[in-house]
1. For the condition among the acidic types (Asp, Glu), within 34 Å of the chain's Cα centre (by Cα), at pLDDT 90 or above and not in a helix (DSSP H, G or I), what is the one hit in Glu630, Glu569?
2. Of (1) in contact with a Cys (Cβ under 8 Å, 6 or more places away or on another chain); (2) open to solvent by 30 Å² or more (accessible area, probe 1.4 Å), Val293 satisfies all except one. Which?
3. Out of all the residues in the range 106-140, which are touching a Pro at 6+ places or on another chain (Cβ under 8 Å) and within 20 Å of Lys191 (Cα to Cα)?
4. Say we look at the range 572-606 and pick out the residues that are aliphatic (A, V, I, L, M) and in a loop (DSSP other than H, G, I, E, B); which of these is surrounded by the fewest Cβ atoms within 10 Å (Cβ to Cβ)?
5. What number of residues within the range 161-180 satisfy the criterion of being touching a Lys or Arg at 6+ places or on another chain (Cβ under 8 Å) and either among the small types (Gly, Ala, Ser) or in a helix (DSSP H, G or I) (or both)?
6. What number of residues within the range 799-817 satisfy the criterion of being open to solvent by 80 Å² or more (accessible area, probe 1.4 Å) and either modelled with pLDDT of 85 or more or within 15 Å of Val452 (Cα to Cα) (or both)?
7. Answer yes if at least one residue in the range 674-682 is touching a Pro at 6+ places or on another chain (Cβ under 7 Å), part of a strand (DSSP E or B) and either touching a residue at least 12 places away in the same chain (Cβ under 8 Å) or loosely packed, with under 15 Cβ neighbours inside 10 Å (or both), and no otherwise.
8. Among the residues of the range 712-731, is any closer than 30 Å to Val834 by Cβ, among the aliphatic types (A, V, I, L, M), at pLDDT below 85 and in a helix (DSSP H, G or I)?
Amino acid sequence: MTAAVDRLGTVRRERAATPALRYALRELRGGFGGFYVFMSCIALGVFAIAGIGALAASLSASLVSEGRTLLGGDASFSLIQREATPDERAVLAAKGDVSVAATMRAMAKSNADQYALVELKAADPNYPMIGAVDLAPVLPLAAALAAQDGSFGAAADATLLARLSLKVGDHVKIGAADFSIRATVNTEPDKLGGGVGFGPRFLISEDALRATGLLQPGSLVRWTYRLKLADGTSDAALKTVIDEVRAKLPEAGWEIRSRANASPQLERTIERFTQFLTLVGLAALLVGGVGVVNAVKGHLDRRRDVIATLKALGATSTTVFAIFLVQVLTFALIGSIIGIVFGAALPFIVVAGFGHLLPLPITPVVQVGDLVIALIYGLLTALAFAVWPLGRVEDVSVSTLFRDAAVPETHWPRRRYLGLIAVVIAVLIAIATGEAVDRRIALIFVVAAAAVFVLLRLVAMLVMAVARRLPRPSATMLRLALANIHRPGALTASVVLSLGLGLTVLVTITQIDGNLRRQFTAALPERAPSFFFIDIPSARAEEFQAFVEAKDPGAKIERVPMLRGRIVEAAGTKAENLKPTPDAEWVLQSDRGLTYANNVPPGSKVVEGTWWGTNYDGPPLVSFEKKLAEGLGLKLGDTVTVNALGRNVTATIANMRTVDWQNLGINFVLVFSPNTFKGAPHTEIATLTEPASSPENDARIIKAVADAFPNVTSVRVREALQTVGNVVNNLVLAIRSASGLTLISAMLVLAGALAAGHRHRVYDAVILKTLGATRLRLIGAYALEYFMIGLATALFGAFAGSVAAWLIVTRLMTLSFEFEGLSAAIVVAAALVVTVGLGLVGTLVALNQKPASVLRNL
């Protein structure tokens, strides 16, 4: 009996489901009318997510496949400020072939007494063990770097030749050595693994580096020892080799990389950039979600007679809901597939069009999992936004539908539909945060998106309420415009939501862009130094300061001792086992600048604990930057162990400091008590702050310092910021390009919202024209309506976007923020032009309708 009942219920459900599917498919025969904007919005958002995922997967796959070439071997072991000892080199040599390269910054002097900062790279005869250096003219690297006729050979970046007005064959001097430039460097196989350089590359031999005299105790030289194992060595065998080296040399202080993480900084950049752009894609989808609502409402409005007929003939509300839900999901699937196809093709398009410009050979790959995630995003977004208008149809009576009432019923959907919406949104949030590299940022995005949606809805309600309560104006056009803003079925909510989301994202991007440009390429902060001088021999530090003060009497010079070291342990936990917050993890990723001081450094303020006395001579103490210490889970009294110059040094945290990083002065995360590094070889670093910097005076200072102190490297702060700024600008350009999708989606949604209300616009226009309204007066009324709605939306978008940018710049980037008024005004003006322009286009179409044909169908 129970089985029979179950079977009967199944049959009934199948019979109920079959007509819904059949009617839905039959309805689709009418074409895609009204759903083009819907599908375009979904396709744009899915394209952004799928394309970004496919491009990131291709980059990551290329990093893995080219890891050996990028690293220059199977593993690299780096040291700072010291060379490996013979015993340490013997341990590496026992494992395989070894090549050594040293990198440092230096000053190159032309025969015309011009100076330029260069990134010096000295290689041994085994370099490169994997890959090849591309030189112009083509010649073997050994021949380019060989000593000949009393000069060492060199290969230089073409930028250096342009900067110093040189050509191949000319000579430059670095330190005590003379170099003949025999070729220019087009590419280096391991360049991407070296990070950002502040000067052009200057490639020389190891013997030439020693001849320069730049190798002094404590000089900031990075020695990299690359280890090449037999071809076909497995990752497991490579890991065993690395572990054995660590075990035999526990205090060497190596920074170790393997071919699996040849460029960890680049990998982290790709991961975080991918996450950010994916969130931008989600923002485009959310903007498109408003288009989904508009399209569904417009479709239901056009099919009122069909819905009424189905209900009158006995179709249940659930059946009607199912029919139109199938249609909506079909259109969403079509849009998502279009987005996936173009997204999957993006890496191939990039490689075909720009492959020759990329520093890394990219092999396009398609990750099915990423495409599936993008498809799910598209379908769930469509479902989340479509259920609300579809769910409200269930409770609309047949009589209301047949009457085509001018005053639509407003009510919430039933609880089951609200529950379905909640479930879909929860799944979307779970996927967005679960797939994110930094879940905190993903959650911030989710909360911000929800807040913007709520605020925009409130803005729409506020605009309608104000329009409703304003005194009745005497001007006909203004009176009609205000009435249109708050009347039943008004476009206010749709326009505010569609335009507001896109504007908020756009203003956020433009404000961040402007602040980054100002920070890196515009005016420097007040009292910012003009120069950094590095590798000042400690024995000549006083002499150096007196020399610079004599050359520039009005300038202020500040100098401190500096070593480089890596945090290897904190609070009794090894560095690799610590779990830092995303904001603090960079402290553990490489070596850090270390210093010692008797007094609190300028730009720092002790906020916890106490500073040691001037004559302190007890156990080693350290002062830690407060936010970073908290990010590592450290507190007063914990110990920190750093490896400097091949020795592990342990100190107790005596106090915490806040640091003003934006003054561009000499600031350190770790400041030790003076007795900690007593007797350790090191150099000093200094800043020079000029009352009025000029290119002529800067060139004079650089020449004077280089002539008197050839070991000292001068770094102009403005040039260094421009170098970093160029990298940041490239990133911002990519972000703006991706954000353009959000703006395009917003414009599509706005056009869709206006199209969805076209039927009512035609009705209004015909009635008003019949009652005597002139064409010009109607155009003016509609223009005022769109202007007022657009202005309110644009002002909110400018405010919300600026607040979001302020939070990102000050909290996440820890930079100063200034409101970019001009860019915000441009965005507001553009929004008004777009809103009024699109609105009037739709209005003109409505006004062109002949009254007779419309009145006959009333």
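1. Glu569
2. (1)
3. Val118, Glu119, Pro128, Ile130, Gly131, Ala132, Val133
4. The residue in question is Val600.
5. Summing the residues that are touching a Lys or Arg at 6+ places or on another chain (Cβ under 8 Å) and either among the small types (Gly, Ala, Ser) or in a helix (DSSP H, G or I) (or both) in the range 161-180 gives 2.
6. Going through the range 799-817 one residue at a time, the tally reaches 2.
7. So far as the range 674-682 goes, no, none of its residues is touching a Pro at 6+ places or on another chain (Cβ under 7 Å), part of a strand (DSSP E or B) and either touching a residue at least 12 places away in the same chain (Cβ under 8 Å) or loosely packed, with under 15 Cβ neighbours inside 10 Å (or both).
8. Checked against the condition, which is being closer than 30 Å to Val834 by Cβ, among the aliphatic types (A, V, I, L, M), at pLDDT below 85 and in a helix (DSSP H, G or I), the range 712-731 yields at least one hit.
The values are calculated or read from the model by the stated rules, or taken from the named source; none is laboratory data. Remember, it's a predicted structure, so these values are computed and weren't measured experimentally. Cβ sites come from the backbone with ideal geometry, for glycine too, and all protein chains shown count toward neighbours. The area values use the complete protein model at the heavy-atom level, side chains included, leaving out ligands, DNA and RNA. Shrake-Rupley method; radii C 1.70, N 1.55, O 1.52, S 1.80 Å.
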